[in-house]
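Below: one structure, written as structure tokens.
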């Protein structure tokens with residue numbers, strides 16, 4: 001070792017060379033991704049592997065071409081596109097492929113179910129508002145996105161309910177009087193709760209009172225909703241003069257969206273509260289959260305829906321009715337909340353203790369720490385899990401069809417029973433269309449989540 | 001082990017007053033059955049710079065974390081700025097907003113920019129208008145010499161820069177007392193100096209400081225008082241001169257020979 005010369009000084013710069021052709025351009029890409037793995041015959045084992053790769057590549061290419069061709073043949077080349085003569089099933093039977101006139105004939109039901117035709121503008125208006133609102137929230141260049149999001153969360157559901165369902169009263173003056181009479185009690189109660197919250201919130205009335213003050217605020221909001229909602233619906237109803245369309249006439253994509261969006265909007269905040277509750281030091285809060293999450297996760301959604309539709313009437317007083325759609329929506333939202341809580345708990349556990357301590361040492365209160373420091377980071381961490389739950393729930397809404405609520409899939413099953421359109425390919429065409437509709441929504445959510453992840457990930461920039 | 005209670009009055013000087021900043025009396029703390037802090041008595045005067053040292057596991061960090069209630073103590077009393085630390089959340093929040101703290105791992109908020117890190121607490125806790133909070137934040141960022149990084153995220157800064165941001169973030173709350181929990185232990189050697197320089201500058205301006213640190217050069221240069229802890233007790237405290245040149249207890253001598261020996 002000692003007599004080796006290790007002295008070295010570089011005297012000139014090593015040249016910077018362009019990358020070899022195999023690293024660039026379309027030929028480089030083709031070489032690296034397709035041909036490189038089948039070009040080595042230097043040893044027997046490498047030769048065998050290259051030959052196997054050739055076989056697998058050919059097989060994959062053949063399968064791709066075959067599947068694409070079959071699909072195109074079904075959907076386009078052998079398909080029936082129009083039915084000018086009104087032959088219905090005969091027209092479609094003539095060709096072997098997809099029966100598109102069936103979709104044209106039933107499209108209305110796919111979208112709106114049995115909603116009366118003359119009132120359809122109400123559903124369309126709701127959907128247009130939903131599309132505009134969602135796009136506004138999602139596109140980064142739009143101004144005031146926070147305000148739009150607040151409107152979509154708190155005002156839009158009320159507007160949609162009133163639009164779709166129609167006003168809660170007939171337009172007699174008696175009914176208006178009845179509504180106003182029903183409002184004064186929750187209004188006064190909300191006022192009392194608000195005053196109680198105002199007095200207790202800064203701890204001047206003692207610690208116990210301060211601990212109760214968030215509950216007072218919540219009671220104010222709930223009672224306020226009971227007071228304000230009838231007034232708002234009354235107002236909208238009086239201006240629009242809409243007729244009531246019972247929820248059993250709703251259907252198709254409308255129902256799917258109503259149930260899914262209700263679930264999404266409820267499950268995120270409730271999931272956050274349940275996840276925080278599960279980490280709480282207070283035993284009552286902790287164990288009631290655990291109980292809710294574990295019970296809901298432990299039973300199948302179908303059994304809850306069945307219970308809600310078939311069993312609940314036995315437990316209620318005769319004559320007391322509780323809207324079936326509302327029951328299904330609450331069931332779906334409960335399920336989504338329980339799953340969401342566990343996803344969010346994962347995010348909370350991923351937060352280092354130092355983040356809590358950093359917030360505490362600056363004097364931030366618990367809720368400020370949560371809102372400003374912990375939740376923004378924890379939720380960003382678990383965006384894939386949150387969107388996964390959303391997508392799962394969007395598709396789980398099809399389960400409402402077993403309690404005869406006709407969502408998108410339920411409507412398809414119903415229309416398939418129509419003998420006028422009964423051909424061997426009708427069902428395939430229908431399921432293809434439904435699949436595409438579901439795929440557009442789910443893939444959209446998935447891509448948006450990828451975009452959000454990239455946008456919010458600041459830790460490694 | 002000999003526990004010597006030498007009563008040291010703070011070194012006279014322009015910055016140290018007779019006003020008591022922190023008074024700890026008969027404080028005890030347990031982790032389960034483990035007695036981490038035993039009978040701690042400590043008086044810190046306004047403007048004092050105290051360095052706490054000792055072997056790992058001796059309760060140094062736990063002691064200063066008790067002062068702003070990041071850890072709960074089970075017996076004895078802690079009074080910060082005439083506010084008694086109890087389980088009352090209002091007192092805890094008041095003390096935390098008066099006492100700044102810097103951590104070994106900085107604990108900056110990675111999802112907020114440097115400027116937002118510095119303005120968060122003034123805006124939400126002190127209810128200062130945003131514009132004013134930004135001005136204050138820029139003032140302190142200039143003081144720690146990183147105003148040009150204000151719109152970056154913590155992940156884009158070096159460790160030394162992050163720790164200086166953490167100091168600026170605490171200063172934005174205009175604290176009367178600063179606690180440092182091993183602020184240079186997670187840093188590369190090159191970056192330790194820039195953080196220590198910031199702390200020295202802070203000390204020269206008369207900030208009351210308690211530092212848990214192994215930087216003995218820093219202790220000699222800026223401390224009025226060095227406290228040596230072992231096994232959850234304060235074993236010895238003295239002026240830096242006397243502490244380093246003439247340690248009294250055997251435990252202290254052993255510790256100093258370990259860390260200064262090479």
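Tabulated data
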{"quantity": "Ellipticity estimate at 222 nm from DSSP helix runs (n ≥ 4, -39,500 (n - 2.57)) divided over chain B, nearest 500", "calculated": "-11000 deg cm²/dmol"}
{"quantity": "With Cα atoms, 0 to 90° folded angle of helix B:130-143 axis to chain B main axis", "calculated": "60"}
{"quantity": "Mean residue ellipticity (222 nm) of chain A, computed from DSSP H runs ≥ 4 via -39,500 (n - 2.57), nearest 500", "calculated": "-21500 deg cm²/dmol"}
{"quantity": "Distance from segment A:124-142 to segment A:407-461 (C-alpha centre basis), Å", "calculated": "19"}
{"quantity": "Rg/Rg_globular for segment A:342-421, with Rg_globular taken as 2.2 N^0.38 Å and Rg from C-alpha atoms", "calculated": "1.87"}
{"quantity": "Expected-Rg normalisation [2.2 N^0.38 Å, Cα atoms] applied to segment B:63-180", "calculated": "1.10"}
{"quantity": "Rg over Rh, two decimals, segment A:10-155 (C-alpha only, Kirkwood Rh)", "calculated": "1.26"}
{"quantity": "Proxy reagent accessibility, fewest Cβ within 10 Å first, across A:417, B:29, B:90", "calculated": "A:417, B:90, B:29"}
{"quantity": "Three-way shape label, the protein assembly as shown, alpha-carbon gyration tensor, a/c 1.5", "calculated": "oblate"}
{"quantity": "Candidates B:33, B:23, B:149, ranked by Gaussian network fluctuation over chain B, Cα under 10 Å, top entry", "calculated": "B:33"}
{"quantity": "Whole-percent pair-distance distribution, where bins are 10 Å wide, for the alpha carbons of segment A:304-461", "calculated": "9, 25, 25, 21, 14, 5, 1, 0"}
{"quantity": "Tensor-based shape of segment B:112-208 (alpha-carbon gyration tensor, a/c under 1.5 rounded, otherwise prolate or oblate)", "calculated": "oblate"}
{"quantity": "Residue A:132 versus residue A:6: modelled label distance in nm, points set 7 Å from Cα along the beta carbon direction", "calculated": "7.6"}
{"quantity": "Rg [Å, one decimal], Dmax [Å, integer] - segment A:29-81, C-alpha atoms", "calculated": "16.9, 57"}
{"quantity": "A:154, A:194 arranged by Cβ crowding within 10 Å, fewest neighbours leading", "calculated": "A:154, A:194"}
{"quantity": "Translational diffusion of segment B:189-259, µm² s⁻¹ [Kirkwood Rh, Cα pairs; Stokes-Einstein; 10 °C; 1.306 mPa s]", "calculated": "121"}
{"quantity": "Shielding of A:376-382 by partner chains, average beta-carbon count, 10 Å", "calculated": "1"}
{"quantity": "Diffusion constant of segment A:261-366 at 20 °C, which comes from Stokes-Einstein with the Kirkwood Cα-pair radius and 1.002 mPa s, µm²/s", "calculated": "137"}
{"quantity": "P(r) histogram, all alpha-carbon pairs of segment A:375-431 included - 10 Å bins from 0, percent", "calculated": "20, 31, 23, 16, 8, 2"}
{"quantity": "Descending principal axes extents, segment A:1-60, alpha-carbon based, whole Å", "calculated": "59, 32, 14"}
{"quantity": "Percent RCO, i.e. relative contact order, over chain B, from Cα pairs under 8 Å lying at least 6 residues apart", "calculated": "28"}
{"quantity": "Segment B:173-214-segment B:144-161 distance, computed between alpha-carbon centres (Å)", "calculated": "17"}
{"quantity": "Value in Å of the Kirkwood radius, where segment B:18-84 supplies the Cα pairs that are averaged", "calculated": "12.4"}
{"quantity": "Exposure proxy ranking, count of Cβ atoms within 10 Å, fewest first, for A:379, B:108", "calculated": "A:379, B:108"}
{"quantity": "Relative intensity, log₁₀ I(q)/I(0), of chain B from a Debye sum that treats every alpha carbon as a point, q = 0.07, 0.15 Å⁻¹", "calculated": "-0.24, -1.12"}
{"quantity": "25 °C / 0.890 mPa s Stokes-Einstein diffusion coefficient of segment A:398-445, Kirkwood radius on C-alpha pairs, µm²/s", "calculated": "211"}
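Computed from the coordinates by the stated procedures, all read-outs in this text should not be read as laboratory data. This structure is a prediction, so every number in the text was calculated from the model and none was measured. Using ideal geometry, Cβ is built from the backbone for each residue, glycine included, and neighbour counts are taken over all protein chains shown.
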